[in-house]
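The values are calculated or read from the model by the stated rules, or taken from the named source; none is laboratory data. This one's a predicted model, so the numbers in the text were calculated from it and none came from an experiment. Counting neighbours? That spans all protein chains shown, and the Cβs are built from the backbone with ideal geometry, glycine included. Protein only, heavy atoms only, side chains kept; ligands, DNA and RNA dropped before computing areas. Shrake-Rupley method; radii C 1.70, N 1.55, O 1.52, S 1.80 Å.
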Amino acid sequence: MKNVNELLGLKETKEVNEKLNVLLASYQVYYQNLRGFHWNVKGKMFFTLHGKFEELYNDAAEKIDEVAERILTMGGQPLHTFDDYLKNSKIKVVKDESEGTKLVEATLDNMSALVKMEREILEVADKANDEGTQALMSDLISEQEKTMWMLNSLLD
């Protein structure tokens, strides 16, 4: 049985899958950060942020699944252990923080790192003539940029 990249004659997908796995690991750490933010947020913005962090981690869970399925579609193997996530993530674990403004800033930093990775994948996927990965990255980027704009408005 052939995978999609073999059917389409795509040979340069190894680098795409490697970068997708780094993105997957980073999303997993981002997701867990958001769970902790949701549980631990305190202060004046509690009600706003408690719900927002839940919305964001639910969204991240869907994106994690999309990235993992893209890796499988392209004949790769998605990372799936916490050890692999921590070793490969470009996002750092945030712990012992509960102040709302700092959590929003950490979320924006995490999202900025994700968008940067997605833009890199977009370029690599373009060179590999991998339109499916390009479309996925474009969708992720435009959605996250809007969310970043909204979160940033909380800090003004």
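Remarks
- Cross-link partners of Lys102 among lysines (Cα-Cα below 23 Å; sequence separation of 8 or more within a chain): Lys42, Lys44, Lys52, Lys90, Lys92, Lys116, Lys146
- Principal semi-axes in Å for region 1-150 [√(5λ), Cα gyration tensor, largest first]: 31, 15, 12
- These residues, Asp96, Asp59, go from largest to smallest accessible area, 1.4 Å probe, as Asp96, Asp59.
- Straight-distance candidates among the aspartates and glutamates for linking to Lys19, with alpha-carbon spacing under 18 Å and chain neighbours fewer than 8 residues away dropped: Asp65, Glu66, Glu69, Asp83, Asp84, Glu118, Glu120, Glu123, Asp126, Asp130, Glu131, Asp139.
- Per-residue extension of 0.36 nm, minus the Cα-Cα distance of Glu12 and Leu155, leaves a gain of 47.3 nm for this segment.
- Dipole in debye (nearest 20) - region 47-147, about Cα centre, beta carbon charges: Lys, Arg +1; Asp, Glu -1: 300
- Centroid-to-centroid separation of region 81-136 and region 61-80 [C-alpha atoms, Å]: 14
- On the beta carbon distance between Glu123 and Lys92, with R0 = 30 Å, the FRET formula returns roughly 0.80.
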